[in-house]
Amino acid sequence: MAKQKQVKEAKGATVATHRRARYDYEILSRYDAGIVLTGTEIKSIRDGGVTLSEGYARFRGDELYLYNVHIAQYGPARENHDVIRPRKLLLHRRELDRLGQAMQEQPRTTVIPLRMYLYNGLAKVEIGLGRGRRRYDKRQVIKKRETERDMQRAVRHAQR
């Protein structure tokens, strides 16, 4: 009997994260969105079968859809869902308007999923409005992170 990865449904239990997003993008703002799913998709999410790494969100008309998020098929189901299909995100109208306006005004911005989590039995997606970093920006981020880490080590060694 194979062990399945079960996710505890605590308040905000994280199912999947997009760790590379914080490296590739400068996150300008974050929003929590609901997501429209089918029955087998939510079961697969509860089993932890989600990959956010290639995901992004785009407007279709005046609604926001999530693309390229891979939700694995649910094994015990007879009829399964399409693993990569556009999924509608549920946000308040003013949040959608704010996102749409920010994407039009600022260059190199996109909406990317940062994390998927379960909240009161519902799947939620934390999305972020991100501005793409260029190669030299990424180097600066690495350099800053390393200097901060070195400073923390120096402080810890000085306290001993």
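Being out of contact with any Phe, Trp or Tyr (no Cβ under 8 Å at 6 or more places or on another chain), of a type in the set (Asp, Glu) and closer than 29 Å to Val141 by Cβ is true for just one of Glu54, Glu79, Glu95, Glu63. Which residue is that?
Just a single option satisfies the conditions, and that option is Glu54.
Residue check, Leu64 against (1) within 12 Å of the chain's Cα centre (by Cα); (2) under 15 Å from Ile127 (Cβ atoms), all met but one. Which one?
Exception for Leu64: condition (1).
Can you tell me which residue among Leu129, Leu114, Leu89, Leu52 is among the hydrophobic types (A, V, I, L, M, F, W, C), closer than 24 Å to Arg19 by Cβ, surrounded by 17 or more Cβ atoms within 10 Å (Cβ to Cβ) and in contact with an Asp or Glu (Cβ under 7 Å, 6 or more places away or on another chain)?
Going through Leu129, Leu114, Leu89, Leu52 in turn, just one is among the hydrophobic types (A, V, I, L, M, F, W, C), closer than 24 Å to Arg19 by Cβ, surrounded by 17 or more Cβ atoms within 10 Å (Cβ to Cβ) and in contact with an Asp or Glu (Cβ under 7 Å, 6 or more places away or on another chain): Leu114.
Can you confirm whether Ile27 is under 22 Å from Lys88 (Cβ atoms) and touching a residue at least 40 places away in the same chain (Cβ under 8 Å)?
No.
Pick from region 118-160 the residues that are outside any helix (DSSP H, G or I) and without any contact (Cβ under 8 Å) to a residue 12 or more places away in the chain: which of them is nearest to His92 (Cα to Cα)?
So the residue we want is Arg134.
Of the residues Tyr119, Tyr65, only one is closer than 21 Å to Ile27 by Cβ and in contact with a Gly (Cβ under 7 Å, 6 or more places away or on another chain); which?
On inspection, the qualifying residue turns out to be Tyr119.
Give region 22-31 a look and list any residue that's surrounded by fewer than 16 Cβ atoms within 10 Å (Cβ to Cβ), at pLDDT 90 or above and of a type outside the set (S, T, N, Q), or say none.
Ile27, Leu28, Arg30
Residues being within 17 Å of Thr14 (Cβ to Cβ), in a strand (DSSP E or B) and out of contact with any helix residue (DSSP H, G or I) (no Cβ under 9 Å at 6 or more places or on another chain): count how many of those fall in region 36-65.
1
The values are calculated or read from the model by the stated rules, or taken from the named source; none is laboratory data. None of the values given here were measured: they were computed from a predicted structure. We place every Cβ from the backbone using ideal geometry, glycine too, and count neighbours over all the protein chains shown.
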